[in-house]
Amino acid sequence: MTPDDASTTDRPLLSVRDLSVRFPAGREGRVRRWVHAVEGVGFDVERGRTLGLVGESGSGKSTIGNALTGLVRATSGTVHLDGTDVLTARGRAARELRRRIAMVFQDPYASLDPRRSIGATIREPLDVHRLLASRAQRAARVAELLDLVGLPAQAAQRYPHELSGGQRQRVSIARALAADPDLIVLDEATASLDVSVQAQIMNLLRRLQRELGLTYLFISHDLAAVEHMSHRVVVMYLGRLMEQGERSGLYERPAHPYTQALMSAIPADDPAVERTRERILLSGELPSPVDPPSGCVFRTRCPLAIDACADHVPPVHLDVDHTAWCLRTDAALAGRAPR
């Protein structure tokens with residue numbers, strides 16, 4: 001199953017350009033060292049659609065989500081929400097932007113306060129942003145949100161430890177919806193759940209998107225989940241962009257060797273196909289983000305790497321909706337049949 005078609009406007013809801021996030025990593029002599037968590041990343045998220053952000057651990061996916069929501073400070077770049085730069089906004093403008101971007105975390109138990117009731121947890125954004133005038137209105141809104149995510153109104157009186165993992169994640173989604181945000185960042189929102197519960201939560205998210213016109217940034221290491229949820233996909237490795245494009249084109253014709261390696265790990269539906277399918281195994285270790293390779297950061301593990309990959313790697317536009325950052329795109333695509 002794939003996401004339903006969604007209407008878009010000319011200007012994307014979210015526009016990220018040259019975003020970099022670095023963390024201090026001590027000194028080596030007089031030289032300060034930095035962790036290059038995200039370097040020069042750019043993408044757009046269109047209204048009513050889902051952008052999937054995928055890559056293995058250490059690729060910088062969650063750091064991007066944290067930078068968008070203000071949980072970490074960006075080193076450089078711009079993040080425009082409806083034309084307003086999130087990173088430079090101050091005062092009332094910053095508070096309004098924080099209301100318009102919500103986040104759902106990976107572990108619902110860790111992200112919910114065990115001392116607060118479910119009702120108080122969902123009501124918190126309404127209190128913080130001073131939405132709805134009376135206590136009765138806020139209580140009605142909490143009941144409405146619980147119903148929206150498939151939980152009974154009585155759940156408002158319960159506490160996180162009294163709920164299952166899937167129910168807790170539904171509470172996290174209800175809390176994210178409370179202040180009527182424009183963008184919801186889903187950071188591995190299904191990763192800690194059982195497979196059957198994952199499917200329920202993804203179907204819930206897609207239903208809410210259809211009914212409420214929501215826009216998602218879906219961050220995950222699970223390519224099957226990203227394919228199920230996303231309209232457009234961005235592939236990252238060691239804080240850099242490797243490839244991005246519309247879901248159908250990228251999954252059917254991955255152009256970057258790293259994307260091809262990731263795709264080869266997705267199990268086929270047909271057992272006979274799975275037994276004969278080629279797997280691409282990457283050699284070597286993930287480089288340190290403190291001292292990343294020059295040029296293409298994937299070159300130290302890439303089976304197609306050449307000397308020129310150590311230099312600047314410009315984007316290769318395969319078509320209007322598909323871009324790969326790879327000098328060997330033609331070689332990578334040669335002889336590869338659609339998945």
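What the table below lists for this structure:
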read-out: Segment 13-104, Rg to Rh (Cα coordinates; Rh as Kirkwood inverse mean 1/r); value: 1.01
read-out: Debye log10 I(q)/I(0) for segment 182-230, one point scatterer per Cα, at q = 0.17, 0.21, 0.26, 0.29 Å⁻¹; value: -0.45, -0.69, -1.05, -1.26
read-out: Estimated vicinal HN-Hα couplings, Hz - segment 126-142 in sequence order (Karplus 6.51, -1.76, 1.60; Gly, Pro = x); value: 5, 6, 4, 8, 6, 9, 6, 7, 10, 5, 5, 5, 5, 5, 5, 5, 4
read-out: For TYR159, net neighbour charge (Lys/Arg +1, Asp/Glu -1) across residues whose Cβ lies under 15 Å away; value: +4
read-out: Degrees, to the nearest 10: 195-212 long Cα axis against longest axis of the chain; value: 70 degrees
read-out: Whether segment 31-189 is rounded, prolate or oblate, judged on the alpha carbon gyration tensor where a/c under 1.5 counts as rounded; value: prolate
read-out: Most fluctuating residue given options GLU39, GLU243, GLU211, as computed from a GNM of the chain linking Cα atoms under 10 Å; value: GLU211
read-out: Equivalent ellipsoid semi-axes, segment 180-339, via Cα gyration tensor eigenvalues times 5, rooted, Å; value: 29, 19, 16
read-out: Using alpha carbons only: equivalent-ellipsoid semi-axes of segment 14-319, gyration tensor based, whole Å; value: 36, 24, 17
read-out: Distance between segment 132-196 and segment 49-94 - C-alpha centres, whole angstrom; value: 23 Å
read-out: GNM flexibility winner over the chain from SER20, SER196, SER294 (Cα, springs under 10 Å); value: SER196
read-out: Angle between the chain longest axis and helix 165-177 axis [Cα atoms, degrees, rounded to 10]; value: 80 degrees
read-out: Most mobile listed residue (ARG27, ARG175, ARG207) in the chain, GNM with C-alpha springs under 10 Å; value: ARG27
read-out: Cα-based shape type of segment 112-249, given that a ≥ b ≥ c are square roots of the gyration tensor eigenvalues and the cut on a/c is 1.5; value: prolate
read-out: In order through segment 223-228: 3J(HN,Hα) via Karplus (6.51 cos²θ - 1.76 cosθ + 1.60), integer Hz, x for Gly, Pro; value: 5, 5, 5, 5, 5, 5
read-out: Net dipole in debye of segment 176-292 [+1 Lys, Arg Cβ; -1 Asp, Glu Cβ; about Cα centre; nearest 20]; value: 240 debye
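No value in this document is a laboratory result; all are computed from the given coordinates. What you see is a predicted model; the values in this text were computed from it and never measured. Neighbour counts run over all protein chains shown; Cβ positions are idealised from the backbone, glycine included.
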